[in-house]
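Single-structure report; data block below.
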Amino acid sequence: MSESDITLKSGRADWLGGELPYAIPSKKLGMWLFIVSDSITFGAVLVCYAYLRLASPNWPTPFRLSSIVNGAIMTFVLLSSSVTMVAAVEAAKHGRIAASVRWLSATMLGGVVFDILHIREWLGLIHEGLRLYQNPWGSSLFGAAFFTLTGLHMTHVTVGVIYLGIVAIGFRRGKFTSDDVEISGLYWHFVDLVWMFVFPLVYLLSARMH
Amino acid sequence: MSESTSHDLSKAGMGWFLKIWGVLLFLTAIEVFLAYEDLPLHIMLILLMGISIIKAALILAYFMHLRYERSTLAWTLLPAMVFVLVMMVVFFPDSVRIERLGEFLH
């Protein structure tokens, strides 16, 4: 159901708190509820990471300047993909289907670039000796905490790229509406939002100082 | 927060989104700069988390469009979520206790 349907069926645009407290399609409310529960999942993993760090006197700070620069570029890519996502929603809402699909593809490209940069970062650390339960720098818990947190986020980015691809194909074929594009956008921005906490907590607080 | 049920994205056109993008990149640059400042860990943590919360709020309000929804949506979703996240902090005194325990053992 689109926003205009809601207005049409009820006949009034205002004072519908009793019938339509949020005045949004039910799919969108569903996505918001998922985002709330998923942010609590990420919150738990982030708190777990911070707990382990505080509880370990020898928490490693393995991230060289190249890793921090890499992370900053990843942040830039993800933030930019949020802007292309907004452009996709804007085009979809104005009925410009081809433009919307192009912007969705650009957003997916951003997600893929993010994943590639992140996997390259992982491989570099693994090459230096980082394993799930051991590493050459300090507390052996670092590997498990690092891979769980960044791996969970990377999974979300990957799932997001697939989700946007399905929405883009469905939208072009007329199976999905502009609301579906907007709802997929909510998920994408949320994945971006989570990275805004992962990057400083994991990378910036563990920068190697020399 | 707007009471309007309207969905009009033109209220926050692309120019405005690009400005938000610029602010988010600027705040990220400040965070990266702070990472190489010689600050005590707790000050660093407060600064970085403070900036991250501002960034999250900007993404929620503009990119996720929450500012232009009915305020009931934000009031339904956010307080409960923030409450649960804050309650998780209850574990932290315990993490410090373990470190102190190590001092006593030696």
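FYI, it's all coordinate maths here, none of it is from the lab. Treat the numbers as computed from the prediction; the structure is a model and nothing was measured. Positions of Cβ are generated from backbone atoms using ideal geometry, with glycine treated the same way; all protein chains shown enter the neighbour counts.
Exposed loop sites here are trypsin sites (Lys or Arg not before Pro) assigned a DSSP state other than H, G, I, E or B and surrounded by at most 16 other beta carbons within 10 Å; excluding them, the longest clear run of chain A is A:13-63. Placing +1 on the Cβ of every Lys and Arg and -1 on the Cβ of every Asp and Glu, with no other charges, gives the protein assembly as shown a dipole of roughly 520 debye about its Cα centre. In the protein assembly as shown, helical runs assigned H by DSSP with n ≥ 4 each contribute -39500 (n - 2.57); averaged across all residues and rounded to the nearest 500, the mean residue ellipticity at 222 nm is -24500 deg cm²/dmol. Binning the alpha carbon pair distances of chain A at 10 angstrom intervals from zero yields the distribution 8, 30, 28, 19, 11, 4, 1, expressed in whole percent. Projected label points at residue B:25 and residue A:122, each 7 Å from Cα along the beta carbon direction, are separated by 2.8 nanometres. Put simply, the Cα atoms of the stretch B:10-60 extend 44, 17, 7 Å along their principal axes, the longest span coming first. For the stretch A:163-177, the Karplus equation 6.51 cos²θ - 1.76 cosθ + 1.60, evaluated at θ = phi - 60°, returns couplings of 4, 5, x, 5, 5, 5, 5, x, 5, 5, 7, x, 7, 10, 9 Hz by residue, with Gly and Pro reported as x. Taking every Cα-Cα distance in the stretch B:25-106 and sorting them into 5 Å bins from zero, the calculated P(r) comes out as 3, 11, 14, 16, 15, 16, 12, 7, 4, 2, 1, 0 percent. Taking every lysine pair in the protein assembly as shown that is 8 or more places apart or spans two chains, those with Cα atoms closer than 29 Å amount to 22. Backbone phi angles across the stretch A:43-50, fed through the Karplus curve with coefficients 6.51, -1.76 and 1.60 (θ = phi - 60°), yield HN-Hα couplings of x, 5, 5, 5, 5, 4, 4, 5 Hz in residue order; Gly and Pro are listed as x. Pairwise alpha-carbon distances in the stretch A:36-125 exceed 22 Å for 52% of all pairs.
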